[in-house]
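Visitor: One structure, as structure tokens, below. Some questions next.
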Amino acid sequence: MILNPPKASREEPKFMSRAIRLARRGMGRTSPNPMVGAVIVKEGRIVGEGFHRAPGEPHAEVEAIRASGIKTQGAELFVTLEPCNHYGRTPPCTQAIMAAGIKKVYYGIDDPNPSVIGGGAESLRKAGIEVVGQVLENRCKALNEVYLTNVTLRRPHVYLKLAMSLDGRIATRSGHSQWITSEHSRMKAHRLRDRVCAIMVGIETILADNPRLTTRLGERSGRDPIRVVADSNLRTPLDANIFNQTSPSGVIIATRDNPPSRLKARLEKKGAKVIQTASPDKVDLKDLLSTLYKMGITSLLIEGGAGLAWGALEARIVDRCLFFYAPIIIGGKSAPSGVSGIGINRLEEAPRLVEMRSSKVGPDILVEGRVVYPGEPDDITDKSC
């Protein structure tokens, strides 16, 4: 009889959780690269860690290897994404791992990038390194939902954010809308602006509210996203607040296929980039996303209005919803709702949210989740545009 049988060790989730927390330090700053964190463990203890900070900077694996020094020999590596095996702005991480003498690699998710797609793990195995994949896979997928959308769909990842009353209204019957939700919710929304490449509203929001669409984080500095307006008839006023001379971010006016040339010239003279999309009578959102992605925009936040919200859902381009509900009831059949448009005929046609969570934000409630459309699988990497 064995008096003290060895206990099964399940340390993998703990160390991968640490790698995920490290990866989040690069949030909003790594585009078009993914967020990646790495931890090196020897004899059950962390001896080095790192995360990817920005494009062109060392990858997380290299940062962790440098932090570990000579302790990498015979150690284990935990990394949130399959290590790359190709040359980009930096050399392959697989080569650094091999040179460091690491004996075993745990990674969170396969990299769907055609330049990697299984080659990183296979390269390590051929070098005699033990490789274990899909550790905390769902959490690692959620971490890099923007990157996964970019690589698999070749378009920006789209967030739809709305601020509403409990009965789903975004303004009163007279149009009064500032402010429905609390300062706490507005600050959280500004933190999201700081993370995305671009923010978009419809022309009706510009005309009604004249927003600045900048990032305001109090004493902490933030980054302004590129401002995008869906404006099929080029009605954006030249004195609109989006033409903010103190912000380095530009303005894009998205319009239809053949807008009035005189109005286009006026907006371009103001400094806006006018993007004509494929539709003859409205902004073709799918075509717009394709153009934005080619411009290097990898994430887009839609903040209103109701018509644009429905148009984005109807076009199946919304990837994640964030709905802030204030503890008030506005009522009135003429008070605008958060989503308008023609709507659906049958309930089975409705987009639905999965992986939902709710949280208190000051006095408000935030409900968020990933959007799945009818006929689509739930898997984050299998969504179709």
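Visitor: Taking R0 as 35 Å, what's the FRET efficiency between Asp239 and Arg25 from their Cβ-Cβ distance, rounded to 0.05?
Guide: 0.30
Visitor: Ordering Asp209, Asp231, Asp224, Asp281 from largest to smallest accessible area (1.4 angstrom probe), what's the sequence? Write down the numbers at each step before the final one.
Guide: Values: Asp209 65, Asp231 0, Asp224 30, Asp281 110 Å².
I get Asp281, Asp209, Asp224, Asp231, largest accessible area first.
Visitor: I would also like to ask the following. Under a point-charge model restricted to the Cβ atoms of Lys and Arg (+1) and Asp and Glu (-1), what is the dipole moment magnitude of region 98-184 relative to its Cα centre, in debye to the nearest 20?
Guide: Details: 11 positive and 8 negative charges, 20 e Å.
The calculation lands at about 100 debye.
Visitor: Just subtract the alpha-carbon distance of Thr172 and Val354 from 0.36 nm times their residue separation and send over the number in nm, one decimal.
Guide: Working: separation 182, 0.36 × 182 = 65.52 nm, distance 3.02 nm.
Using 0.36 nm per residue and subtracting the Cα-Cα distance, I get 62.5 nm.
Visitor: While we're here: Using a cut-off of under 13 Å, list every residue of region 224-260 whose amide N is near the label point 7 Å from the Cα of Ala278 along the Cα-to-beta-carbon line.
Guide: 257
Visitor: Pick out, from His184, Val201, Gly168, the residue whose Cα sits farthest towards the positive end of the charge dipole of region 88-215, with +1 on the Cβ of Lys and Arg and -1 on the Cβ of Asp and Glu.
Guide: Farthest towards the positive end: His184.
Visitor: Express in Å², to the nearest 10, the accessible area of Arg25 obtained by rolling a 1.4 Å probe over the protein heavy atoms while all chains stay in place.
Guide: Number for this one is 140 Å².
Visitor: Turning to a different aspect of this structure: Just going by the charge dipole of the chain, with Lys and Arg at +1 and Asp and Glu at -1 on Cβ, which of Pro83, Ile344, Ala60 is farthest out on the positive end?
Guide: Ala60
Visitor: Then there's this: Regarding the chain, what are the three Cα extents along the principal axes, ordered largest first, in Å?
Guide: Computed over the Cα atoms, the extents are 79, 48, 45 Å.
Visitor: Separation between the Met98 and Gln134 pseudo-spin-labels, each 7 Å from Cα along Cα→Cβ, expressed in nm?
Guide: Output for this residue pair reads 2.7 nm.
Visitor: Please list His176, His190 in order of solvent-accessible area, largest first, computed with a 1.4 Å probe with all protein chains present. Working shown, then result.
Guide: Details: His176 115, His190 20 Å².
Greatest to least solvent exposure: His176, His190.
Visitor: Any chance you could check the Cα centroid distance between region 228-247 and region 315-330 for me, in angstrom?
Guide: If we compute the Cα centre of each part, the gap is 24 Å.
Visitor: Given the C-alpha centroids of region 92-108 and region 248-265, what is the distance between them in whole angstrom?
Guide: 49 Å
Visitor: With only Lys, Arg, Asp and Glu charged, each at its Cβ (+1 for the first two, -1 for the last two), find how big the charge dipole of the chain is about the Cα centre; round to the nearest 20 debye.
Guide: On the way: 55 positive and 41 negative charges, 188 e Å.
Dipole size: approximately 900 debye.
Visitor: Additional query: How much accessible surface area, in Å² rounded to 10, belongs to the heavy atoms of Arg223 with a 1.4 Å probe?
Guide: Using a 1.4 Å probe on the heavy atoms, I get roughly 90 Å².
Visitor: Here's another thing I want to ask about it. Taking Cα centroids, how far is region 274-300 from region 141-168 in Å?
Guide: 16 Å
Visitor: Per-residue ellipticity at 222 nm for the chain, helices alone: DSSP H runs ≥ 4 residues times -39500 (n - 2.57), over residue total, nearest 500 deg cm²/dmol? Write out the running numbers ahead of the final one.
Guide: On the way: 11 runs with 102 residues, N = 385.
Theoretical 222 nm ellipticity from helices: -7500 deg cm²/dmol.
Visitor: Tell me, what is the 1.4 Å probe accessible area of Lys161, in Å² to the nearest 10?
Guide: 30 Å²
Visitor: Could you pull out the longest piece of the chain with no exposed loop chymotrypsin sites (Phe, Trp or Tyr not before Pro) in it, calling a site exposed if DSSP puts it outside H, G, I, E, B and it has at most 16 other Cβ atoms within 10 Å?
Guide: 180-385
Visitor: Please get the size of the charge dipole for region 68-219, origin at its Cα centre, with Cβ charges of +1 on Lys and Arg and -1 on Asp and Glu, quoted in debye to the nearest 20. Working shown, then result.
Guide: Numbers: 20 positive and 14 negative charges, 49 e Å.
Dipole size: approximately 240 debye.
Visitor: Using just the C-alpha positions of region 131-257 as equal point scatterers, what log10 of I(q)/I(0) does the Debye formula give at each q in 0.17, 0.23 1/Å?
Guide: -1.08, -1.46
Visitor: Now for a separate question. Roughly what would the spin-label model give for Leu347 and Asp209, points 7 Å off Cα along C-beta, in nm?
Guide: Result: 3.1 nm between the two label points.
Visitor: Work out the charge dipole of the chain with +1 on the Cβ of Lys and Arg and -1 on the Cβ of Asp and Glu about the Cα centre, then indicate which of Thr298, Met356, Thr152 is farthest towards its positive end.
Guide: Of the candidates, Thr298 comes out farthest on the positive side.
Visitor: Only bridges whose two residues both fall in the chain count here: according to DSSP, what percent of them are antiparallel, nearest 5? Walk me through the intermediate numbers first.
Guide: Details: 25 of 60 bridges.
Roughly 40 percent of the beta bridges in the chain run antiparallel, per DSSP.
Visitor: Rank-order 336-347, 34-45 by packing density, defined as the average count of other C-beta atoms within 10 Å over each peptide's residues, highest first. Each step should come with its number before you reach the end.
Guide: Values: 336-347: 14.0, 34-45: 22.7.
The packing order, highest mean first, is 34-45, 336-347.
Visitor: While we're here: Under a plain spin-label model, where a point goes 7 Å from the Cα along Cα-to-Cβ, how far apart in nm are Glu12 and Glu43?
Guide: Simple spin-label model gives 2.4 nm for this pair.
The values are calculated or read from the model by the stated rules, or taken from the named source; none is laboratory data. Predicted model only: the values in this text are computed from it and were never measured. Counting neighbours? That spans all protein chains shown, and the Cβs are built from the backbone with ideal geometry, glycine included. Heavy atoms of the whole protein, side chains included, go into the accessibility calculation; ligands, DNA and RNA do not. Shrake-Rupley method; radii C 1.70, N 1.55, O 1.52, S 1.80 Å.
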